[in-house]
Structures are given as C-alpha cells and as structure tokens.
Amino acid sequence: MADETLTDDGKKARKHHRFSFATASTGLFRGTRSHRVQKIRGGTAKRILTARQLRKAVSPYAEVKRPVYEARPLQCALKRGFDIVGAVAGLILLFPLLAGIALTIKLTSRGPVFFRQTRLGINGQPFSILKYRTMFVDQCDHTGLQHTIVGDQRVTWVGRFLRQSSFDELPQLWNVLQGHMSLVGPRPYVPGMQAGGVPYECLDYRYYDRLQVLPGITGLAQVNGYRGDASDAESARLRLEYDLAYIENVSLWLDAKIVVRTIAREFLKGSGA
C-alpha cells in the first residue's frame, strides 16, 4: 500500500518502510496541467471554498500546480463495484468478529457500542463516520481535534486492542455501502483538522485537493506508516504527499494492492496507533 515518496525527505523516510509501490510523482514535481477545482456545493463546502481563498495569499503552495483527479465513468463504476463487493463480503465474513467486538465493548464499559463523528467527504461534504467506541464515554472527543497518543488514558483496554488491530475501523464498511466512503482513498478528517499544531490547510494549501475523491477506510499514506497522530509537521506533509499521489494514480489495481497490504500490515501485524 504504498507509493514512491514524493519529497527528498520522503525518499529518505521510505527506506524505513517495507511497503512501497512505484507510481508517478504528484503534479507538484511532475508539472501536470493545473485545473480549476470543480465547484463545490453545500454549507460546509462553501466554508471550505472561502477558507481556500483566504489561505491562498499566505500559503507557500498557492501557485503550485497540483494534481487533479479526472474521473472516468468506467473506472468509477469498477471502483464502486469493487467497494460494494468488498464491503458486503467483509460484513458477512466478519460478522462473528463484529458481533463479538460489540458484545465485549458493551460488557466492559458504560456507553454505546458505536461512535459517530462528523468527517469531510468528497468535495467537502460532511458525513457521519461510524467506528467502534474505543474511549470512555465521558471522554470521547467528538470534535476529533485532540489527537490520540500512545498510552492515552481516555482509551479503554478493549479500545487499545481495537486501535492496535485497526478493528475499530470495521464499521466503516457500512459507510462504504452508503456511498460516503470507499475501501481505499485518503482518510476522512474532521473539520478543522490540526497538523503540526496548526489547521492542516495552513500547513499546506494543497490539503483541500485530497477531497477530490471519496475518502477511504485505508489508503496509500496509511500503508506507508503515516497514520494516527499528526502533531509532527513533516509527517503530516508526507502523509498529504501520499494522498495526492494516490489521487493522481488511482486505479482498481492499486486499490486491490492497498487492501491486501492493509490486511497484512494492520490486521495481522497490528501496527495501528
């Protein structure tokens, strides 16, 4: 689940990751044609568009040519079919595991089994993401602005296992069936996502370009080890580079490889944070 790292620092960092697929670099380095991002509709999306205009004057990436996803009808249909088949198969095959996790959560801590949180989807449209609850109910952060760190006291003992194995993400298969998410894509973030101590869009203006495709349960950045805490600015930039690389090189074959590597890396080896 990986792609060629797209910065000099990223190339150095890639040596520390086993999983890497060779794909073309992003438009930032390859000089692809610049396109106007398609018009976005909706209240949250309009606020995002306004934010883009406000950040443009101060962003170091404001005039950089950025990758644009060119949706092809056949490719979109195949990807959607892949998502539906994968989500249905996952829900059916994993039903005993899903039920067991739900029962364990209910028996070991007070509160609901599932945790819902508003995230930004394609074109900035908000949707409610579904996860297993991993924190004590009175300490859950519905804003998502407070990053979870290793040894976080808000996390239950069951939650630690779920996060370590990434099983807490499995309910998002339902989000995939609803059409709010894809199996593979940039991870959906909360509005006002912080990275390096500042709003992500302040750290890198290209942050909004990742909203051109459906967000995913897993993605290119995640299989390269860029997930979880985004308090480190350089790590957050590299994560964005992988997201943009995925958008520029999206294909059904790449999705399949990322899914396989996710199963190997997250579920079997338990590298979650």
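For the list (1) within 15 Å of GLY159 (Cβ to Cβ); (2) assigned to a helix (DSSP H, G or I), I need the number of the one condition that GLY111 fails.
Condition (2) is where GLY111 drops out.
Inspect all residues belonging to the range 45-67 and state whether any of them is surrounded by 15 or more Cβ atoms within 10 Å (Cβ to Cβ), outside any loop (DSSP other than H, G, I, E, B), modelled with pLDDT of 85 or more and of a type outside the set (S, T, N, Q).
Checking the range 45-67: not a single residue is surrounded by 15 or more Cβ atoms within 10 Å (Cβ to Cβ), outside any loop (DSSP other than H, G, I, E, B), modelled with pLDDT of 85 or more and of a type outside the set (S, T, N, Q).
Picking from TYR242, TYR189, TYR226, TYR200, which residue would you name as being over 12 Å from the mean Cα position of the chain (by Cα) and aromatic (Phe, Trp, Tyr)? Quick ask: steps written out before the conclusion?
On the way: TYR242 fails: over 12 Å from the mean Cα position of the chain (by Cα); TYR189 fails: over 12 Å from the mean Cα position of the chain (by Cα); TYR226 fails: over 12 Å from the mean Cα position of the chain (by Cα).
Testing whether each residue is over 12 Å from the mean Cα position of the chain (by Cα) and aromatic (Phe, Trp, Tyr) leaves just TYR200.
Out of all the residues in the range 251-273, which are among the aliphatic types (A, V, I, L, M), open to solvent by less than 60 Å² (accessible area, probe 1.4 Å) and at pLDDT below 90?
Result: ALA264, single match.
Do we have TYR226 as under 22 Å from ARG160 (Cβ atoms) and among the aromatic types (Phe, Trp, Tyr) here? Reasoning before the result, please.
Working: under 22 Å from ARG160 (Cβ atoms): yes; among the aromatic types (Phe, Trp, Tyr): yes.
Yes; evaluated as a whole, the condition is true for this residue.
Taking the residues in the range 84-124 that are of a type outside the set (A, V, I, L, M, F, W, C) and open to solvent by 50 Å² or more (accessible area, probe 1.4 Å) as candidates, determine which candidate is nearest to the chain's Cα centre (by Cα).
Pass one, the range 84-124, residues of a type outside the set (A, V, I, L, M, F, W, C): 86, 90, 96, 100, 104, 106, 108-112, 116-119, 121, 123-124.
In the following step, the residues that additionally are open to solvent by 50 Å² or more (accessible area, probe 1.4 Å) were identified as 96, 104, 106, 108, 110, 112, 116, 118.
Values: PRO96: 26, THR104: 26, LYS106: 27, THR108: 29, ARG110: 29, PRO112: 24, ARG116: 16, THR118: 14 Å.
The residue in question is THR118.
LEU145 - would you say it is in contact with a strand residue (DSSP E or B) (Cβ under 7 Å, 6 or more places away or on another chain) and modelled with pLDDT of 90 or more? Spell out how you get there, then give the answer.
Values: in contact with a strand residue (DSSP E or B) (Cβ under 7 Å, 6 or more places away or on another chain): yes; modelled with pLDDT of 90 or more: no.
When the stated conditions are applied, LEU145 does not pass them.
Would it be correct to say that GLY159 is closer than 15 Å to ARG119 by Cα, of a type outside the set (Asp, Glu) and crowded, with 22+ Cβ neighbours inside 10 Å? Write out each step before concluding.
Numbers: closer than 15 Å to ARG119 by Cα: no; of a type outside the set (Asp, Glu): yes; crowded, with 22+ Cβ neighbours inside 10 Å: yes.
Taking the combined requirement at face value, the residue does not satisfy it.
Which of the residues that make up the range 192-225 are open to solvent by 20 Å² or more (accessible area, probe 1.4 Å), in contact with a Phe, Trp or Tyr (Cβ under 9 Å, 6 or more places away or on another chain) and farther than 16 Å from ARG119 by Cα?
GLY225
More than 15 Å from the chain's Cα centre (by Cα) and open to solvent by 10 Å² or more (accessible area, probe 1.4 Å): does that describe ASP232? I'd like the intermediate steps shown before the answer.
On the way: more than 15 Å from the chain's Cα centre (by Cα): yes; open to solvent by 10 Å² or more (accessible area, probe 1.4 Å): yes.
So ASP232 fits the description; yes.
The values are calculated or read from the model by the stated rules, or taken from the named source; none is laboratory data. Keep in mind the model is a prediction, meaning the values are calculated, not measured. We place every Cβ from the backbone using ideal geometry, glycine too, and count neighbours over all the protein chains shown. With ligands, DNA and RNA removed, areas are computed over all heavy atoms of the protein, side chains included. Shrake-Rupley method; radii C 1.70, N 1.55, O 1.52, S 1.80 Å.
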